[in-house]
Structure formats: C-alpha cells, structure tokens
Amino acid sequence: MNRILVIDDDTELCELLCDYLTPEGFEIETVNEAHAGVEKALAVEYGLVVLDVMLPGMSGFDVLRHIREKSKVPVIMLTARGDDIDRIVGLEMGADDYLPKPFNPRELVARIRAIQRRAEAPVEKEESTAESVPRLLIGDLELNGGTREVRRNGEAIELTAVEFTLLEVLMRSAGKVIEREELVRKVLGRRLSPYDRSIDVHVSSLRKKLGNRIGDSERIKTVRGVGYLYADSSEEPHA
C-alpha cells in the first residue's frame, strides 16, 4: 500500500512529492507522460495512484478510464482549483478522491492515509467488521465483506473500493438515514467540507451500477438536506 505512482507532467511537483512523501514511509515513482503512466500503473502493483487531470498526449480522465478497465487501484485525481466539473467527472469515472491544485502536501498525506485506513478496515471499529459479519443480504443484493464482492441476483457487480465501502455502510444501516457528514467520515475518512459533492457522486455511481429500485422501493433514497437511506425490505439484513 505504501508504493505510490504519481502521474503528472509537472516535474517540480513530482520532485516535491518525492521529497515530502518519502520520509512519510512511502515509496514514490513518477511518470510525466500519460501513455507511460497507463503502462506503469497496469504493469506494477501500486497501493495508490496520484493522477493529474491535465496531461500531454492524453487527458487524466482517459488515463483513469484505461486504468479502471483492468485495475481497482485507488486513484486520487489532482484538479484545477474551483473546477467542479473535473472533480465530478473524475469521481464518476472511478476516482476514489480528488485534491485541487495548488495543495498542501500534508493534505495529500491525509487523503492517502484515509484510503489506507479504508482498505484495512472498511467499516469503523465500533461497527461489526467484515471478519465477524462477512455477508449481508438485502433484497436482491448480496455483499460479501470477506471477498469484497457484490452480487445482484447472483450476478457480480464491479465496484470501486470507495463504492464498496459506501455500500457496506449503507446496507449495515438499511432503513435508517445516514447523514452526509457521517458518510464522508466513514467512507472517505475525512470531514465534509463546504461544496464537497464527492459522496453524492459516489452514491449516484452506485445507483447506476446497482439499479435505482428494489421492487417498488427506491434502492438508495435521498433525504434532502440530511443524507441517504438504503431501502429496507421485507427480508431483514442478515449475515
């Protein structure tokens, strides 16, 4: 998990990240060109990829698309400050998180650590862990915490690491509203900041992949101004 690939054509930024992240215990490799970045990301097992949106030869979105075709490696996108469209597009395409440029390297470390914690413990310690309750079944959906697999009516559904954790948190509280602030803390490992739509985009992606309804009920209901609720069913969630 500590091996990180940085794909960014800004050589000075790459050097800065190497200088800052290496003492933090990370092994950093950098690539300054998009096509080479794709090849590297798919040829070597990394714990995380830091990917810039603006790259020569191919956009960061295209790089992300090629990576997601074959890998679930966590990806943090670097976007222009204030460019909400880039952030939303990146999240919709499977990025785990984003960070607007310019940024404080400490913030990047915090985001990386949050992803590490999520990978090691998908649901917070006060809740049942994947080892103690490996399987959840609600309606047509089965979630296996041990193998991190999701099936709908027996058919496997491909989810990103963030989407899986989000779904697990929602299913464990099926029938109850979870506030956006709580979801951001449990799923993304950070506080909700003003105008941050990350969790909303991940919920939207889940809806697309899982189907928006369970029978006559909306699968993941938006409770305006509060948060989200995963629909309960006549069959209680069980392990």
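Laboratory data are not the source of any read-out in this text; all were calculated from the coordinates shown. Just so you know, these numbers come straight off a predicted model, no measurement behind them. Neighbour counts are summed over all protein chains in view; Cβ atoms, including those assigned to glycine, are modelled from backbone coordinates with ideal geometry.
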Item to check | Residues in the range 156-184 that a label on R135 would reach, taking backbone N under 16 Å of a point 7 Å out along Cα→Cβ | outcome: 156
Next on the checklist: To check you understand DSSP bridge types, tell me what percent of the beta bridges within the chain (both residues inside) are antiparallel, rounded to 5.
Outcome noted: 55
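Given a cut-off of under 8 Å on Cα pairs at least six residues apart, what relative contact order in percent is computed for the range 135-230?
Dividing the mean separation by the residue count of the range 135-230 yields 27 percent.
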Checklist outcome for this item: Phi angles of the range 192-204, converted by Karplus (6.51 cos²θ - 1.76 cosθ + 1.60, θ = phi - 60°) into ³J(HN,Hα) in whole Hz with x for Gly and Pro, give 6, 9, x, 6, 7, 9, 3, 5, 5, 5, 5, 5, 4
Checklist entry - If each residue's Cβ is checked for other Cβ atoms within 10 Å, how do E24, E155 rank with the fewest at the top? => result E155, E24
Checklist entry - Within the chain, what's the longest stretch lacking trypsin sites (Lys or Arg not before Pro) that sit in DSSP loops with no more than 14 other Cβ atoms inside 10 Å? => result 1-80
Item to check | Part-to-part distance (alpha-carbon centres) for the range 151-180 and the range 60-79, which is given in Å | outcome: 21
Checklist entry - Toward the positive end of the charge dipole of the chain, about the Cα centre and with charges on Cβ (Lys, Arg +1; Asp, Glu -1), which of I115, N2, C18 goes farthest? => result I115
Item to check | the chain, relative contact order in percent, only Cα pairs under 8 angstrom and at least six apart counted | outcome: 15
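For E181, E142, E12, what ranking results if the residue with the fewest other Cβ atoms within 10 Å of its Cβ goes first?
With the sparsest Cβ surroundings first, the list reads E12, E181, E142.
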Checklist entry - Out of residues 5 or more away from V73 or on other chains, whose amide H comes under 5 Å of its own, with H placed 1.01 Å from N in the peptide plane? => result none
